[in-house]
Every structure is written in C-alpha cells, then in structure tokens.
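Q: First, the structure itself, so that you have it in front of you.
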Amino acid sequence: MQQPVPDTLIDLIYDAATEAALWPQAIAAIADLLGSEGGVLFGLSVARNRVHFAYDARLDPESHRVHEQRHIQNVWSRVMMHKPAGSIVFSDEILPEADLVGTEFWHDILRPQGLIRNAMVPVTRSGHFQSAFNILRTPGQGPFAERDRAVLGRIVPHLKRAMQLQLRVEAHEALAGAQFAVLDCLAMGVVVLDRAGAVLFANEAARALHAAGGPILLKDGTLTALVPGDAAALHARLRAVAEGRAGGAVRLTDPGGARTAFALVAPLRGRMAGILDDEGLRCAAAAVFVSAGPPPPADPRTMMRLYDLTPAEARVAAELAQGRSYAAIAGSLGISINTVKTHMRRILAKAGVERPAEFASLAATLQLVRL
C-alpha cells in the first residue's frame with residue numbers, strides 16, 4: 001500500500017513558492033515523512049559555480065558556507081548535474097558508503113553533521129541555472145528504499161511546479177524593483193501611493209525633500225505637505241484620484257516661504273487595479289511628482305564619468321550646461337576664449353554631438369537624472 005502524502009504538506013509546498021520563509025518547514029515535513037534527519041532545497045549556477053539560494057531544515061548553517069566555498073563540485077554533484085530534472089537518485093547508487101567515507105566532502109560536510117546518506121532530485125533546469133532537492137539521513141536511520149522513492153515520486157512534481165512558480169514570482173518582483181530603481185535616478189521627487197493614500201514607494205529625491213523639512217513630508221506611511229493649506233489641496237487631489245477622477249497640480253510652499261515648488265498628482269490605472277481592490281490587496285493608484293526649485297547644476301564629476309572628459313574639460317562642460325557664453329565661461333574659469341574653444345571641440349567629439357547648443361540640451365537632460 002502506498003504511503004499517502006498529506007494534503008497539508010502539498011499546500012505548504014505551494015505556500016512556500018510565494019513565501020520563501022516557509023521552505024524550511026516544508027522540507028522538515030518531507031524529511032519527517034521519509035524518516036530522515038533533514039534536507040535542503042538549493043539553486044545554483046553551473047557556469048558560475050555559485051549557489052544563489054539554499055533553504056534547509058535541521059542542517060548546520062556552517063555546512064552551507066563550506067559547501068559553497070569548497071564543495072559545490074563533489075562526488076555526488078558531478079553525477080547529479082547530468083541527471084534529467086525529476087530524477088530520484090540515492091547516494092549509494094552513485095558511490096558506496098565505504099568509498100564515500102574518507103573523502104574531503106565527507107570529512108568537511110557530512111561527518112560534522114553526522115550524516116551519511118542522501119536522496120537527491122534535480123528539480124528544475126533552465127540554461128545554466130538548476131535547483132535541486134536533497135533529503136539526508138544519519139547512519140542510524142538506515143538506507144533509502146524503493147518505498148521512499150515512491151513517496152518522493154509523488155512529491156517531486158509539486159516541488160517542480162512550486163519552484164517554477166517561485167522563480168517567476170521573483171523575476172516579476174525583480175522587474176518591479178528595477179522599475180522603482182529607475183525612479184531613484186530622477187532628480188525630482190516621486191511618491192507612489194495606493195488607493196487609501198498609503199505610500200508604496202518614495203524615491204531618493206522625495207526622501208531628501210522630506211529630510212530637508214519640506215515642501216513635502218512623509219509621515220507615518222502617508223504623504224502630506226509642510227503647510228496645512230497645501231496639505232489640504234494635495235489630499236483633495238489624492239482623494240479625487242482614488243475616486244476615479246483626474247489628478248492635477250498643487251502649488252507648494254518651500255521651507256523658505258517662497259512658492260516655487262509644485263506637486264503633480266497623476267492617476268495610475270491598470271487592468272488589475274479593480275481586481276486587487278476587490279481582493280483587498282494593495283496596488284499603485286497615484287503618483288505624485290514633486291518639483292522643488294530649479295534642478296541642481298551639472299556636476300563636473302558626472303561629466304567626467306559619462307564622457308571621459310578631463311577635469312579641465314568637465315569644468316567647461318558644466319559651465320556650458322548652465323547656458324553661459326564662451327566669454328562668460330572664460331571669465332568664470334580664468335582661462336582664454338581660445339582655450340574654451342579648444343576644450344569645446346574635444347567635449348563635442350567625446351559627447352558625439354556637433355554644436356555647443358546640442359551639448360547644452362543634452363546636459364540639461366542630465367540635470368533631471370541622479371547618477
């Protein structure tokens with residue numbers, strides 16, 4: 001009679017696919033079902049010989065460090081890397097225990113943990129990446145048998161689907177993270193909020209405005225303005241967006257009292273917004289773009305990095321980015337107009353443009369970006 005796999009274990013495996021902190025619990029449950037000490041689910045790059053993640057149950061964390069440093073290639077892995085995904089292989093089918101004992105791998109990894117036997121499964125393979133699942137036993141727990149292979153055979157398809165799901169979810173999260181990272185490159189403040197007005201993301205420029213004391217403030221996970229009247233106008237725009245109406249601009253008072261800052265509230269509507277709202281899940285509903293004064297002047301160090309300019313060329317380029325004439329640049333830097341012209345010819349060639357006005361336009365664009 002086949003040993004049943006509890007539905008609760010299958011549910012736990014799929015829960016772990018979207019909440020990786022549950023993998024140790026799922027692995028421990030599989031180890032208990034198989035009468036084993038513990039196990040590990042890991043992902044590695046074969047080409048780079050590098051472990052990307054390792055979720056384990058009841059194994060020594062130090063063993064992971066030693067494994068990654070010295071034993072990614074070992075007496076078992078050199079065979080398993082050629083096995084197709086879903087294969088279930090017992091360690092004594094690769095190397096008898098008498099030959100395993102005494103190897104560096106046994107001495108460094110297995111012996112300190114009192115382990116000797118392993119049931120191994122390549123779970124997924126894609127390009128140079130593969131994930132693998134191991135269940136390990138002590139000498140006293142005896143060898144793996146065909147009934148253990150049968151149990152693993154019913155679990156492995158779920159592990160495979162769960163790992164594929166996890167990799168797709170993590171790829172989506174990485175993409176979303178990259179999109180937010182792009183916002184950190186903008187010199188203007190950007191704050192993304194959900195329909196309830198809670199802040200989902202504030203870029204570096206927005207956080208800097210808050211740290212400077214205004215004109216916007218990020219308080220208790222919400223967005224407000226320094227001056228009460230501005231705050232009321234900003235919140236009214238956000239409520240309008242939450243109700244499905246258009247956003248708009250709000251004039252803000254900067255800390256010095258001069259009304260030079262603006263906040264533009266824009267709705268963010270996507271196909272999934274209604275579904276996520278009905279499910280009670282948070283989603284982006286509005287973006288607030290904050291412009292507080294003129295953009296900072298071009299940084300000569302940035303010019304040097306982007307266009308491989310010399311320090312002298314970078315100083316001229318930064319002056320040109322402010323719209324100054326050759327004569328003004330010469331006077332500001334204490335050099336002759338002919339020297340300015342010489343530097344400009346080199347700057348234009350390195351930047352790949354033909355006229356100073358084109359470079360000035362390019363430099364003005366750079367002022368909107370933080371590098």
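The values are calculated or read from the model by the stated rules, or taken from the named source; none is laboratory data. As the structure is a computational prediction, the values presented were derived from the model and not from experiment. Cβ sites come from the backbone with ideal geometry, for glycine too, and all protein chains shown count toward neighbours. Accessible surface areas use protein heavy atoms only, side chains included; no ligands, DNA or RNA. Shrake-Rupley method; radii C 1.70, N 1.55, O 1.52, S 1.80 Å.
Q: Quantify, in whole percent, the carbon and sulfur part of the accessible surface of the chain (1.4 Å probe; protein heavy atoms only). Don't jump to the answer; show the numbers that get you there.
A: Working: 10790 of 19190 Å².
Solvent-exposed carbon and sulfur of the chain make up 56 percent of the total.
Q: Can you list residues whose amide H is under 5 Å from LEU186's amide H, if they're 5+ apart or on another chain and H is modeled 1.01 Å from N?
A: Residues meeting the amide H criterion: ARG370.
Q: Hey, another quick one. How would GLU173, GLU97 line up by accessible area, probe 1.4 Å, largest first? Intermediate values should be presented prior to the final figure.
A: Working: GLU173 110, GLU97 55 Å².
My answer, sorted largest first, is GLU173, GLU97.
Q: State, as an integer percentage, the relative contact order of the chain based on alpha-carbon contacts under 8 Å between residues 6 or more apart.
A: Averaging sequence separation for qualifying contacts and normalising by length gives 11 percent for the chain.
Q: Set Lys and Arg Cβ to +1 and Asp and Glu Cβ to -1, take the dipole of segment 162-271 about its Cα centre, and tell me which of LEU183, ALA246, ALA198 lies farthest positive.
A: Ranked along the dipole, the leading option is ALA246.
Q: Here's another thing I want to ask about it. Could I have the simple spin-label model distance between ARG149 and HIS128, label points 7 Å from Cα toward Cβ, reported in nm to one decimal?
A: My value for the distance between the label points is 3.4 nm.
Q: Arranged from highest to lowest average of other beta-carbon atoms within 10 Å per residue, in what order do the peptides 185-197, 134-146, 73-85 appear?
A: Working: 185-197: 18.9, 134-146: 16.7, 73-85: 14.5.
Per-residue mean Cβ counts within 10 Å order the peptides as 185-197, 134-146, 73-85.
Q: Helix 61-70 versus the longest principal axis of the chain: what angle, 0 to 90°, nearest 10, using Cα atoms?
A: 80
Q: Explain nothing, just the number: relative contact order of segment 89-217, from Cα pairs under 8 Å at least 6 residues apart, as a whole percent. If you can, show how the numbers build up before the last one.
A: Numbers: 115 pairs, mean separation 17.8, N = 129.
Once divided by the residue count of segment 89-217, the mean separation gives 14 percent.
Q: Using 7 Å Cα-to-Cβ label points, what is the ARG161/GLN69 separation (nm, one decimal)?
A: 4.1
Q: Same structure again: Can you run phi through the Karplus equation (6.51, -1.76, 1.60; θ = phi - 60°) for segment 319-325 and list ³J(HN,Hα) in whole Hz, with x for Gly and Pro?
A: 3J(HN,Hα) across segment 319-325, in whole Hz: 5, 4, 4, 8, x, 7, 6.
Q: Next question, about the same structure. Could you work out how far apart the two model spin labels at THR138 and LEU306 are, taking each label as a point 7 Å from the Cα in the direction of the beta carbon, and quote it in nm?
A: 6.4
Q: Under a 1.4 angstrom probe, counting protein chains only, how are LEU95, LEU165 ranked by accessible area, largest first? Working shown, then result.
A: On the way: LEU95 40, LEU165 70 Å².
Largest accessible area first, the list is LEU165, LEU95.
Q: Any idea what angle helix 7-18 forms with the longest principal axis of the chain, computed on alpha-carbon atoms, 0 to 90 degrees, nearest 10?
A: The helix 7-18 is inclined about 30 degrees to the chain.
Q: Per residue, how much accessible surface does segment 123-221 expose to a 1.4 Å probe? Answer in Å², no decimals.
A: Numbers: 4760 Å² over 99 residues.
With all protein chains present, segment 123-221 gives 48 Å² per residue.
Q: So what are the ³J(HN,Hα) numbers for segment 168-180, from phi and the Karplus equation (6.51, -1.76, 1.60; θ = phi - 60°), rounded to whole Hz, Gly and Pro as x?
A: For segment 168-180, the Karplus-derived couplings read 5, 4, 5, 5, 5, 5, 5, 5, 4, x, 5, 5, 5 Hz, x marking Gly and Pro.
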